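Structure first, then comments.
A short reminder: the numbers here are calculations on the coordinates, not readings from a lab. Everything quoted here is computed from the prediction, not taken from an experiment.
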Amino acid sequence: TGPMLWGPGDSYTFLVTGEQSGGAYFILEAFVPPGGGPPPHIHEREEECFYLLEGHLTMTLGEQQIMVAAGDFVQVARGTVHTFTNDGQGIARMLAIFSPAGMEHWMTEALDPALDRAATPPPPTPAMIARMIAAAPHNGVVFV
């Protein structure tokens, strides 16, 4: 397994990085606890796809809200405002695929290394939020 980071309430394990895929894609496994999920944002450089392995999420894609369950696949076009929230009782587990690669650089710069792979990630700290915002412009991320 690759590096594991704690994001804004979630944990992300790198499975394949851009360095390993010749820049073609970046894949991570996400564990999203109840209440978890990122703030609404846009990727200016990457397409993003989600494949839900376990649990349920509410995803927002532009103006549309959809309920996603295990086995569902969702594609987010570059430039689309999106977010997801685990409003269920259990952990949601999914794969996130970014193409081309590059989002791993923002994550490495902005998020915290996981101190315990089995622990529930802590809520984001003010320091993490500041790093997320600072790293966004030069990594093609826009928070809305």
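A few points about this structure:
- For Tyr25, the amide hydrogen comes within under 5 Å of the amide hydrogens of Ala101, counting only partners 5 or more places away or on other chains and with H modelled in the peptide plane.
- Distance from the stretch 92-141 to the stretch 1-40 (C-alpha centre basis), Å: 7
- Across the stretch 73-90, computed HN-Hα scalar couplings (Karplus, 6.51 cos²θ - 1.76 cosθ + 1.60, θ = phi - 60°) run 10, 10, 10, 10, 6, 3, x, 8, 5, 8, 6, 8, 9, 8, 9, x, 9, x Hz from first to last residue, x flagging Gly and Pro.
- Relative to the compact-globule estimate of 2.2 N^0.38 Å, the Cα radius of gyration of the chain comes out at 0.95.
- Global geometry of the stretch 79-126, whether rounded, prolate or oblate, following the gyration tensor of its Cα atoms and the 1.5 cut on a/c: oblate
- Square roots of five times the Cα gyration tensor eigenvalues for the stretch 19-61, Å: 22, 15, 9
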